[in-house]
1. Working only within segment 215-242, note down all residues that are in contact with a Pro (Cβ under 7 Å, 6 or more places away or on another chain) and either more than 30 Å from Pro35 (Cα to Cα) or surrounded by 24 or more Cβ atoms within 10 Å (Cβ to Cβ) (or both).
2. Inspect segment 18-39 for any residue being in contact (Cβ under 8 Å) with a residue 12 or more places away in the chain, touching an Asp or Glu at 6+ places or on another chain (Cβ under 7 Å) and not aliphatic (A, V, I, L, M) and give the result as yes or no.
3. Name the residue, out of Asp64, Asp93, Asp56, that is assigned by TED's automatic domain parsing to the domain that holds Gly22, at pLDDT below 95 and not in a loop (DSSP other than H, G, I, E, B).
4. For Gly107, state whether it is surrounded by fewer than 17 Cβ atoms within 10 Å (Cβ to Cβ) and outside any helix (DSSP H, G or I).
5. Output the residue which, of all residues in segment 313-338 that are over 20 Å from the mean Cα position of the chain (by Cα) and outside any helix (DSSP H, G or I), is surrounded by the fewest Cβ atoms within 10 Å (Cβ to Cβ).
6. Mind listing whichever residues of segment 125-155 are more than 30 Å from Gly241 (Cα to Cα), at pLDDT 90 or above and either among the hydrophobic types (A, V, I, L, M, F, W, C) or surrounded by 12 or more Cβ atoms within 10 Å (Cβ to Cβ) (or both)?
7. Can you name every residue in segment 191-211 that is surrounded by fewer than 22 Cβ atoms within 10 Å (Cβ to Cβ) and either assigned to a strand (DSSP E or B) or touching a Cys at 6+ places or on another chain (Cβ under 7 Å) (or both)?
8. Please state which one of Gly392, Gly341, Gly370 is modelled with pLDDT of 95 or more, at positive phi and either of a type outside the set (S, T, N, Q) or surrounded by 21 or more Cβ atoms within 10 Å (Cβ to Cβ) (or both).
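The values are calculated or read from the model by the stated rules, or taken from the named source; none is laboratory data. Here the structure is a predicted model, which is why all the values come from computation and not from measurement. Note: ideal-geometry Cβ built from the backbone for every residue, glycine included; neighbour counts use all protein chains shown.
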Amino acid sequence: MADAPREAWITGIGIVSCLGEGGDAHWQKLMEAKPTAETAAFPPFVVHPIAPINFDSQIPKKGDQRQMEPWQRIGTYAAGLALDSAGVKGKPDILSRIDMIVAAGGGERDLNVDSTILSGTPHAANPAAFLNEKLMGDLRPTLFLAQLSNLLAGNISIVHGVTGSSRTFMGEESSGVDAVRIALSRIAAGQSDIALVGGAHNGERPDLLMLYEFGGNCLKEPYKPVWERGAQGGFALGSLGAFLVIEAREHAEQRGAKPLARLTTVMSDRSNRQPGAATAALGRLWDKIKDKIKPGHAAILSGASGATAATAEERAFLEEQVLEEHGDLAVRATGSYLGHGMEPQFPMNVALAAVALNQDRLFPPADASGLEKPMDGKVDQVLVTGVGHWRGEGLALVERVS
């Protein structure tokens with residue numbers, strides 16, 4: 001008979017966003033129920049900029065900081081917070097065994113070079129030669145390295161000494177879901193004892209705003225909470241970093257670590273996004289998890305982005321399936337506060353679920369659409385949703401450890 005799956009505990013979280021850094025700062029802002037966003041920096045687009053951070057406290061060498069792009073600094077900083085939170089920072093015997101799974105994008109652009117090429121190419125006598133000249137002469141030698149998606153894992157290894165196995169997943173929101181899913185699966189199967197999982201995103205980038213707006217995805221001012229954006233909605237890009245330390249219960253107990261929460265289930269899907277497909281995919285995932293929900297003490301942290309079609313389908317899933325069966329589950333869309341950070345959005349919401357479980361309650365509603373309702377009771381379970389703006393669906397169940 002096969003061994004039973006091992007229990008996985010979340011023993012550390014490291015989160016940074018527009019709300020600040022760490023669980024306490026995020027909880028304080030969430031309890032105020034007054035989401036804000038930046039509308040002046042990149043008009044007419046709405047963004048959620050990263051709060052001021054003293055990177056020196058987690059990345060002490062200025063040389064290390066200089067060779068990182070902003071998204072890498074954000075992620076390396078958040079990873080350090082997670083390692084601190086779990087009590088493993090500076091412990092080589094444990095750090096050498098930590099498996100790292102990172103959800104990452106494709107890196108950042110040199111906007112000055114891009115602008116020169118775009119403006120100069122139409123007037124060049126030989127556009128191909130002009131392009132080659134600019135690429136050879138103007139790009140910094142380190143730019144291509146800085147753009148590599150697996151450089152975040154590399155920098156975390158260099159700065160914090162995490163030297164176990166390393167995996168980097170790409171694929172926008174889906175990469176964050178699968179990073180957490182694979183970490184849980186490996187721990188449950190006995191293939192890993194402890195893992196550092198998460199990602200980072202810099203949403204304060206004109207090039208990203210341009211690219212996503214080509215698809216009609218960006219929220220334009222004025223700011224509105226996620227559920228209130230409707231047919232004229234979109235996502236407000238957010239700068240954020242989120243890392244989790246997930247480990248087998250036995251491993252945590254042996255080193256005297258206390259759990260923040262238990263990660264019970266993570267599932268993912270990838271529907272074809274025909275009308276109704278995402279709602280149906282979420283329904284299939286829900287059917288596998290719904291019997292574990294305890295009425296009266298569960299809540300939902302939604303990763304809804306605000307992207308019109310995807311958010312409408314997630315709302316249909318919540319209203320027509322989840323709330324039809326469990327009408328007492330309170331829903332909260334964290335994107336109203338954080339913005340949308342693509343790869344780390346799902347790990348961030350898993351971390352915020354752990355924060356809520358340790359606070360014994362849920363933060364207040366922050367929208368007037370009618371979907372988010374007050375919850376006064378104690379929270380023992382949090383269902384985390386993740387619906388990609390274009391592809392990918394996921395659910396996770398995070399529970400209190402009694």
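1. Our first condition is that a residue be in contact with a Pro (Cβ under 7 Å, 6 or more places away or on another chain); within segment 215-242, this holds for 220-221, 225, 239-242.
Once the filter is applied, which keeps residues that are in contact with a Pro (Cβ under 7 Å, 6 or more places away or on another chain) and either more than 30 Å from Pro35 (Cα to Cα) or surrounded by 24 or more Cβ atoms within 10 Å (Cβ to Cβ) (or both), segment 215-242 yields Ser239, Leu240, Gly241, Ala242.
2. yes
3. Only one candidate passes the filter, namely Asp64.
4. Values: surrounded by fewer than 17 Cβ atoms within 10 Å (Cβ to Cβ): no; outside any helix (DSSP H, G or I): yes.
So Gly107 fails the test.
5. Gly327
6. Matches in segment 125-155: Ala125, Pro127, Ala128, Ala129, Phe130, Leu131, Glu133.
7. Selection gives Leu209 alone.
8. Only one candidate passes the filter, namely Gly392.
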